[in-house]
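Engineer: This is the structure I want to talk about, given as structure tokens.
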Amino acid sequence: MNLIELTLLAAALATLQAQPAEPLSIAKLRQVATMVPGGRPLRINVVKFAESRRTKNFSIKGAPPEPSVQARTAFQIVYSDGTIMVDSGMDQQVHKFFGRGTEEPYDSAANQQVQRALRSARSIVVTHEHGDHVAGVLRTDFLDEIAPKTILTRTQVATLENNPQMPEIKLTPEMARRYNVIDYDSYFPFAPGVALMKAAGHTPGSQMVYVALQSGAEYLLIGDSAWHMDGVRLIKTKDANWIKEDDEALLAQLRWLNGLDKTEKNLHIVVSHDDEQRKDYIQRGLLGSKLE
Ligand SMILES: [Zn+2]
């Protein structure tokens, strides 16, 4: 290969790398969610195992600094013949890391409920690699049961190995081998009626979980792309200096979610930490209030 050919090859490679990721698409999610044959899930349950008491301006840039409860939650997708867990709770030590010396509420009975649900689940997936979502599959007395059915993405594992949110959740390469590590570009057919979508921004390994129930109701578990549904409604990112986010990527996600919220009346966007939304969805029968 001569110099001109090499230069052309380098230019072609650069173009490839500069290509944007596949656009966020509800049509694509719906299609990918049909790829695994089988009966669709029947319902989704949520449990709150801890709270963070902050003011609203941290969740939504420019919001008034009024008190706002952030729920820490995990979700259970229920099929006729098994369950899938989305996120995994956390033990009290990780909770203390988040509380920074303050006394924030921690519900150890609820976290035990999460651990029981993880043990009885057929598979476990996490929206992202932060302690309040992933610690329950890393720091557990039941690691032998839980790790083999937990699916982490390559990017999530890379963060946990090289740049964990806290020392307690650091993974070594040997520990990482106990989990199922997957990699995909944009969309992944996870289970009947369930699709994953890459959504880097809050963290490099963030992903959203789309669920289409047997009833036809649709859900999009967006993890921490917003901390409150107002972030989606107002298209406002967070204002929290202790996390490093890709604001541009998050704004693109928020704009897309905002459009869905206005046009897709059968699709329920689920924000992990929005306690007002959690109560509202439970009251309306859209989410079950305890794990099975
Ligand atoms: Zn979180």
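Engineer: Is it the case, given these coordinates, that Gly89 is within 24 Å of Val209 (Cβ to Cβ) and either open to solvent by less than 50 Å² (accessible area, probe 1.4 Å) or basic (Lys, Arg) (or both)?
Structural biologist: yes
Engineer: Which condition number in (1) at pLDDT 95 or above; (2) away from the ligand (no atom under 16 Å from the Cβ) is the one that Asp247 fails?
Structural biologist: Only one criterion is unmet by Asp247, namely (1).
Engineer: Out of everything in the stretch 107-118 that is out of contact with any Leu (no Cβ under 9 Å at 6 or more places or on another chain), farther than 27 Å from Pro204 by Cα and not small (Gly, Ala, Ser), what residue ends up being most open to solvent (accessible area, probe 1.4 Å)?
Structural biologist: For the stretch 107-118, the residue satisfying everything is Gln112.
Engineer: I need the full set of residues from the stretch 233-253 which are surrounded by fewer than 22 Cβ atoms within 10 Å (Cβ to Cβ) and not in a loop (DSSP other than H, G, I, E, B), in order please.
Structural biologist: Of everything in the stretch 233-253, those that are surrounded by fewer than 22 Cβ atoms within 10 Å (Cβ to Cβ) and not in a loop (DSSP other than H, G, I, E, B) turn out to be Arg233, Leu234, Asp247, Glu248, Ala249, Leu251, Ala252.
The rows are residues; the columns are (1) within 18 Å of Gly62 (Cα to Cα); (2) surrounded by fewer than 16 Cβ atoms within 10 Å (Cβ to Cβ); (3) in contact (Cβ under 8 Å) with a residue 24 or more places away in the chain.
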| site | (1), (2), (3) |
| --- | --- |
| Ile222 | no, no, yes |
| Gly231 | yes, no, yes |
| Thr263 | no, yes, no |
| Ser272 | no, no, yes |
| Asp280 | no, yes, no |
| Leu287 | no, no, yes |
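Engineer: In the stretch 166-200, how many are touching a Leu at 6+ places or on another chain (Cβ under 6 Å) and either open to solvent by 10 Å² or more (accessible area, probe 1.4 Å) or closer than 19 Å to Ile146 by Cβ (or both)?
Structural biologist: The qualifying residues number 6.
Engineer: Now for a separate question. Can you report the number of residues in the stretch 92-106 which are hydroxyl-bearing (Ser, Thr, Tyr) and open to solvent by less than 10 Å² (accessible area, probe 1.4 Å)?
Structural biologist: Residues in the stretch 92-106 being hydroxyl-bearing (Ser, Thr, Tyr) and open to solvent by less than 10 Å² (accessible area, probe 1.4 Å): 0 in total.
Engineer: Another question, then. Here is a check on your reading of the model: is Ile26 buried (at least 17 other Cβ atoms within 10 Å of the Cβ) and farther than 20 Å from Thr150 by Cβ?
Structural biologist: In short, yes.
Engineer: Only one of these is within 16 Å of the ligand (Cβ to nearest atom) and of a type in the set (Val, Ile, Thr): Val209, Val194, Val181. Name it.
Structural biologist: Val209
Engineer: Which of the residues belonging to the stretch 132-153 are assigned to a helix (DSSP H, G or I) and open to solvent by 10 Å² or more (accessible area, probe 1.4 Å)?
Structural biologist: Leu138, Leu143, Asp144, Glu145, Pro148, Lys149
Engineer: Could you grab me the full set of residues in the stretch 154-177 that are touching a residue at least 60 places away in the same chain (Cβ under 8 Å) and assigned to a helix (DSSP H, G or I)?
Structural biologist: Glu168, Ile169
Engineer: One residue is enough: does the stretch 212-230 have a residue meeting the conditions modelled with pLDDT under 95 and within 16 Å of the ligand (Cβ to nearest atom)?
Structural biologist: Scanning the stretch 212-230, I find no residue that is modelled with pLDDT under 95 and within 16 Å of the ligand (Cβ to nearest atom), so the answer is no.
Engineer: Here's something else I'd like to know. For the stretch 28-130, please list each of the helices (runs of 4 or more DSSP H) lying entirely inside it that holds at least 1 residues being without any contact (Cβ under 8 Å) to a residue 60 or more places away in the chain and within 16 Å of the ligand (Cβ to nearest atom).
Structural biologist: 92-99
The values are calculated or read from the model by the stated rules, or taken from the named source; none is laboratory data. Source: prediction; values computed, not measured. When we count neighbours, we look across all protein chains shown, and the Cβ atoms used for this are built from the backbone with ideal geometry, even at glycine. Ligands, DNA and RNA are excluded from the accessible area calculation, which covers all protein heavy atoms including side chains. Shrake-Rupley method; radii C 1.70, N 1.55, O 1.52, S 1.80 Å.
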